[in-house]
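Novice: Here it is: the structure, laid out below.
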Amino acid sequence: MDRTRRLRSSVAIRNMVREEHVRVDELIYPIFIMEGENICEPVDSMPGINQYSIDRLSEELDKVVEAGIQAVLVFGIPAHKDEVGSGAYAKEGIIPRGIRFIKDNYPTLLVVADVCLCEYTSHGHCGLIKDGEILNDETLPLLAKASVCYAEAGADIIAPSDMMDKRVGFIRNALDEAGFINIPIMAYSAKFASAYYGPFRDAAHSAPGFGDRKTYQMDPANGKEAMREVAEDLAEGADLIIAKPTMAYMDIIHAISEQFNVPIVAYNVSGEYAMVKAAAANGWIDEKKIVMENMIGFKRAGAKMIITYHALDVARWIKED
Ligand code: PBG
Ligand code: ZN
């Protein structure tokens, strides 16, 4: 008779049959780098997360390295925004300078550079705008320019998050032409138009000034369409595929892992982080247990890597156990 409890009777036997693990080297920690000096500004809606100016970035990076985390995802907050998001692709912009600082001081840290315009545009949208419309093809050269600019600064992986059609192929060509044939693209492929990005937009000062992102990010109702996005990005040369958010989209992570042979990155987004932190702060949930259960869930669903604001804690908890 099958008695599944036989394999649950002790810690040792449970450890032995455990199907999934969360590993520190699969964690990617997001970092907000801000123009200015002497800044370590807490993000109200994301307890524990700060915006840093480059001169104080080491405070955070030392913790990252100490925790054994080997990859960071960098976002920039420029001093000035304009219609065309020129801060995103300026050679002396906040991200190229931030990347150079990281690479000069932490050469082994893997730097994943988010590529988008929304932190840099005065209107807060991820692409160029004309008559209230977010332009697709006109935006591509700017995304490519930003990608090459970050690669030149030393980025190890380019991660376009804008959701314009055809950007992966366009960026791939630009990187190749600039000689960066070995820089992988981590594409935000299954990225939904989600209310879960709210706290991030506080952190990155990137909320759209009008309307929403529904004409370029995906409808949360559409799972099959996510598979088309992934197939398209892979055909255009994506090396790694991001699915986000995670908790309400576990089926998406699982479906990608069933249908495609590519490492999947689960992006446990800001709103998910904020909810856990709020409940934990009230003493309503056990933060460590809840976070680790979420992490193992992402792995079980089919994710290989996890981008999470909890990464420093997760790394510590993994070591503790
Ligand atoms: C920029 C970008 C966003 C996130 C990652 N890159 C915000 C958005 O699309 O509005 C969300 C990350 C998070 O919520 O943690 N395009
Ligand atoms: Zn954007």
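The values are calculated or read from the model by the stated rules, or taken from the named source; none is laboratory data. Keep in mind that this is a model prediction, so the values were computed, not measured. No Cβ is skipped: glycine too gets one built from the backbone with ideal geometry, and neighbour counts run over all protein chains shown. Please note that ligands, DNA and RNA were not included when accessible areas were found on the heavy atoms of the full protein model with its side chains. Shrake-Rupley method; radii C 1.70, N 1.55, O 1.52, S 1.80 Å.
Novice: How large is the helix-only mean residue ellipticity at 222 nm for the chain, computed as the sum of -39500 (n - 2.57) over DSSP H runs with n ≥ 4, divided by its residue count, in deg cm²/dmol to the nearest 500?
Specialist: -11500 deg cm²/dmol
Novice: Follow-up. Evaluated at 37 °C with a viscosity of 0.692 mPa s, what Stokes-Einstein diffusion coefficient in µm²/s does the range 1-118 have when Rh comes from the Kirkwood expression over alpha-carbon pairs? Show your work: numbers first, answer last.
Specialist: On the way: Rh = 16.8 Å.
Calculated translational D: 196 µm²/s.
Novice: Give, as a single signed number, the net charge of other residues whose beta carbon lies under 13 Å from the beta carbon of residue 110, with Lys and Arg counted +1 and Asp and Glu -1.
Specialist: Cβ neighbours under 13 Å give a net charge of -2.
Novice: Something else about it: Just grab the label-to-label distance for residue 284 and residue 11, each label 7 Å out from Cα along the Cβ direction, in nm (one decimal).
Specialist: 3.2
Novice: Now, a different point. Averaged per residue, what accessible area in Å² does the range 126-194 show with a 1.4 Å probe, protein chains only?
Specialist: Per residue, the range 126-194 has an accessible area of 36 Å².
Novice: To the nearest 0.05, what FRET efficiency results for residue 224 and residue 176 with a Förster distance of 22 Å applied to their C-beta separation?
Specialist: The calculated FRET efficiency here is 0.10.
Novice: Using only the alpha-carbon atoms, how far is helix 250-259 inclined from the longest principal axis of the chain? Give it as 0 to 90 degrees, nearest 10.
Specialist: Its long axis makes an angle of about 80 degrees.
Novice: Could you tell me how far the Cα centroid of the range 1-66 sits from the Cα centroid of the range 210-246, in Å?
Specialist: Here the two parts' Cα centres lie 25 Å apart.
Novice: Could you calculate the contour length gain from residue 103 to residue 59, that is, 0.36 nm times the residue separation minus the distance between their Cα atoms, to one decimal place in nm?
Specialist: Gain on stretching residue 103 to residue 59: 14.3 nm.
Novice: Another question about this same structure. Suppose each label sits 7 Å from its Cα in the direction of the beta carbon; what would the residue 135-residue 254 distance come out to in nanometres?
Specialist: The modelled label-to-label distance comes out at 4.3 nm.
Novice: If you don't mind, another one. Roughly what percent of Cα-Cα pairs across the range 265-321 reach past 15 Å?
Specialist: The answer is 48 percent, as a whole percent.
Novice: What's the local net charge at residue 63, with K and R +1, D and E -1, over the other residues with C-beta under 15 Å away?
Specialist: Values: positive: 56, 316, 319; negative: 59, 60, 62, 66, 313.
That sum, taken over residues with Cβ under 15 Å, equals -2.
Novice: Sticking with this one: Which of the GluC sites (Glu not before Pro) found in the range 225-321 are loop residues per DSSP with 16 or fewer other Cβ atoms within 10 Å of their Cβ?
Specialist: Values: sites: 225, 229, 232, 236, 258, 272, 287, 293, 320; in loops: 236.
Of the GluC sites (Glu not before Pro), not one in the loops of the range 225-321 has a Cβ with at most 16 other Cβ atoms within 10 Å.
Novice: Tilt of helix 140-153 relative to the longest C-alpha principal axis of the chain, in degrees (0 to 90, nearest 10)?
Specialist: 70
Novice: Now for a different question. Summarise the long-distance tail of P(r) for the chain by giving the % of C-alpha pairs beyond 32 Å.
Specialist: The calculated P(r) of the chain puts 25 percent of pairs beyond 32 Å.
Novice: Using the alpha-carbon atoms, what tilt in degrees (0 to 90, nearest 10) does helix 287-301 show relative to the longest principal axis of the chain?
Specialist: Taking the Cα atoms of the chain, the angle to 287-301 is about 80 degrees.
Novice: Got a number for carbon plus sulfur as a percent of the chain's accessible area, 1.4 Å probe?
Specialist: 51
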